[in-house]
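What follows is one structure encoded as structure tokens, with my remarks underneath.
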Amino acid sequence: MSFASYVFKWPPIDGRKRDRDSSAVVALASGAPSTGDTLARVVDVSVRAQLSERAVVPLLCVAAGVAIAVATWLLLVRDPEPAGWAALAAGVALVAGGVLLRPHDRFGRVVLSFGDRLFDGCVLGALAWIARTDDPLLAAGALLALASGFLASYIRARGGSLGYGIEEGVITPAIRYGLVSAGLIAGWRWTPWAVAVLMLLASAVRASQVVKEERL
């Protein structure tokens with residue numbers, strides 16, 4: 001072999017590599033999506049789906065907040081039956097948010113807790129205000145239900161921040177919303193007292209959970 005032929009000798013061309021390169025060129029020329037584009041589209045769809053799912057709970061809480069505002073206004077103008085239906089709509093939205101809440105959705109949990117406290121503070125507070133002169137017993141029951149609800153919420157939040165396994169499902173809030181709404185719609189005066197007893201029992205159960213875990 002001469003020196004010139006040795007210097008200018010090209011390496012053998014791999015047929016498979018040539019086919020892959022040709023296919024890539026054809027794909028780019030025809031505008032077909034590459035593997036990177038396909039992966040990017042899949043990731044984009046996944047991110048959008050997760051964002052839309054995470055937005056459900058805050059949207060339900062916003063709807064509940066609007067219904068709570070309507071119920072509070074109707075109570076202040078002394079129209080309890082429509083206020084009860086508005087409170088029921090708010091309760092349904094909050095319960096639906098609790099059902100759809102993901103375990104690791106901290107923002108949704110905070111918003112849902114805020115909506116729950118808003119329900120008790122506005123509806124029960126307005127009920128205690130309008131009944132303070134005409135029905136002091138009803139006003140006292142509403143205030144006791146309001147205080148016991150905040151106590152149960154504080155025990156759950158404080159215990160959870162300290163590492164205790166205190167979790168609240170949707171059953172207790174659903175019963176509370178239902179009792180308050182039914183009392184306003186039907187004119188039952190005993191429902192605030194029933195809510196107070198329910199939340200005091202919930203507080204006792206949560207405190208007992210803390211004691212049991214502390215002993216372990």
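No value in this document is a laboratory result; all are computed from the given coordinates. On a predicted model such as this, the values are computed, not experimentally measured, just so you know. So basically every Cβ, Gly included, is an ideal-geometry build from the backbone, and we count neighbours across all protein chains shown.
Work from the charge dipole of the range 56-215 (Cβ charges, +1 for Lys and Arg, -1 for Asp and Glu, about the Cα centre) and give the residue of I155, G84, A63 farthest towards its positive end.
I155
Taking only Cα atoms of the range 56-215, what ratio of Rg to Rh do you get with Rh as the Kirkwood inverse-distance radius?
Ratio value, two decimals: 0.98.
For the range 135-193, state what percent of all Cα-Cα pairs lands in each successive 10 Å bin, counting from 0 Å until the bin that includes the largest distance.
Final binned percentages: 21, 43, 25, 11, 1.
How far apart, in nm, are two points set 7 Å out from the Cα along the Cα-to-Cβ line at A96 and at D79?
For A96 paired with D79, the spin-label model returns 2.3 nm.
Between T133 and I171, what length in nm is gained on full extension when 0.36 nm per residue of separation is reduced by their alpha carbon distance?
Numbers: separation 38, 0.36 × 38 = 13.68 nm, distance 3.34 nm.
Gain on extension, T133 to I171, equals 10.3 nm.
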